[in-house]
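Data block below; observations after.
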Amino acid sequence: GGALPPEEELKATVLQLRETVLQQKETIGSQREAIRELTGKLSRCESADGKSAAGTWKKELGKGKDTMGDLPRDPAQVIDQLSRTMQTLKDRLGGKGRPGRGHQLRANVSYAALPNDLREMLQRRLGDLERQLLSKVAELEDEKSLLHNETSAHRQKTETALNALLERVSELEKGNSAFKSPDEFKVSLPLRTNYLYGKIKKTLPELYAFTVCLWLRSSASPGIGTPFSYAVPGQANEIVLIEWGNNPIELLINDKVAQLPLFISDGKWHHICITWTTRDGMWEAFQDGEKLGTGENLAPWHPIKPGGVLILGQEQDTVGGRFDATQAFVGEMSQFNIWDRVLKAEDIMNIANCSTNMPGNVIPWVDNNVDVFGGATKWPVETCEERLLDL
């Protein structure tokens with residue numbers, strides 16, 4: 001029996017208990033027949049001289065039974081015989097009484113009917129079953145609690161994993177040794193979303209003039225989006241270069257607008273330079289080393305405010321945030337440099353035709369000064385000569 005599973009042992013025990021109950025019912029039926037027989041004999045005894053002894057025997061009769069023959073007529077003998085009968089009944093009934101509700105099952109199987117080893121085995125099995133049931137209930141309650149918290153736990157686990165990956169990416173970017181030199185990389189922004197962007201760690205000082213130059217490649221339609229934007233507290237459009245929808249590419253300074261005669265959405269590399277000065281708000285636009293346009297009265301006598309945020313690939317509605325996916329830049333860019341003066345046309349031509357390398361004295365294009373976010377990536381850039389061949 002010990003080799004059986006707990007469920008099979010329990011079934012066998014229940015069958016044994018049922019057989020014992022049936023046996024007890026048969027015994028009780030036979031005892032009732034004996035009691036009726038003894039009651040008839042008691043009536044005959046009461047007509048004799050031993051009424052008091054027979055009365056005592058009748059009181060005790062409810063507690064036991066016997067299958068003896070006719071009782072002797074002598075009252076003393078009747079009392080002695082009834083005493084022996086009572087002892088026999090007690091032995092057979094095993095001290096049966098009316099069980100309490102909590103012990104009804106054990107009362108149906110008397111201790112006289114079950115051997116000690118079987119009784120102990122039943123008690124052990126019942127105890128084991130009770131512990132198994134309690135354990136199962138506890139497991140179900142735990143499982144319910146886990147299912148209830150499954151969504152939040154899964155989300156927290158996912159966020160933890162993403163944060164770990166972002167930290168790892170940041171570490172790799174800081175120690176990136178894939179670029180031959182600190183400036184030979186490009187930023188890739190392949191999707192028009194509001195979460196892919198690059199950020200220049202260094203900010204701008206107060207400027208009374210500037211030149212911005214960069215290489216970019218985009219075939220997005222309609223409009224390439226926003227290659228860069230500079231926002232300061234109180235003015236989100238301090239400096240913005242944007243081509244939005246079917247509008248021409250525009251330069252915004254202090255939220256004032258000038259349309260530039262540039263055409264750069266053909267999927268090829270182009271070198272772009274823009275100059276500006278507070279004096280009369282003069283501006284110039286160069287594409288691939290050639291001046292294509294000039295103008296004035298663009299935010300004249302307005303110095304560029306310092307301490308703002310410079311973002312690559314997104315237009316800022318607040319300082320450093322609230323990007324609009326429809327205004328996002330789609331493509332690649334490299335060699336984003338800013339000077340605090342208006343460069344000569346000759347210098348711009350030399351930069352565009354790869355004959356000179358002039359890092360910006362305010363914002364130079366170096367790896368450790370550019371962070372990327374949201375899936376934007378850094379890659380080794382084509383050589384300047386390869387970019388020229390793409391024109």
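Odds and ends about this structure:
- Normalised by 2.2 N^0.38 Å, where N is the number of residues, the alpha-carbon radius of gyration of the range 185-390 equals 0.92.
- Summary of the geometry: the range 332-391 and the range 306-321, compared by the centres of their Cα atoms, lie 20 Å apart.
- Take 296-302, 230-236 and order them by the average number of nearby Cβ atoms within 10 Å per residue, most first; the result is 230-236, 296-302.
- Listed pairs Lys201/Lys305; Lys11/Lys136; Lys157/Lys186; Lys199/Lys378 exceeding 23 Å between Cα atoms: Lys157/Lys186
- Taking all protein chains together and a 1.4 Å probe, the residues Leu126, Leu162 rank Leu162, Leu126 from largest to smallest accessible area.
- For the range 185-390, the solvent-accessible area of protein heavy atoms averages 41 Å² per residue (probe radius 1.4 Å; ligands and nucleic acids excluded).
- Spatial separation of Cα centroids for the range 4-38 and the range 196-235, in angstrom: 94 Å
- Panel values: the range 124-176, Kirkwood radius from alpha carbon pairs, Stokes-Einstein at 4 °C and 1.567 mPa s, translational diffusion coefficient 89 µm²/s.
The values are calculated or read from the model by the stated rules, or taken from the named source; none is laboratory data. As the structure is a prediction and not an experimental result, all values here were calculated from the model. Because the Cβ atoms are built from the backbone with ideal geometry, glycine has one as well, and the counts that use them run over all protein chains shown. Ligands, DNA and RNA are excluded from the accessible area calculation, which covers all protein heavy atoms including side chains. Shrake-Rupley method; radii C 1.70, N 1.55, O 1.52, S 1.80 Å.
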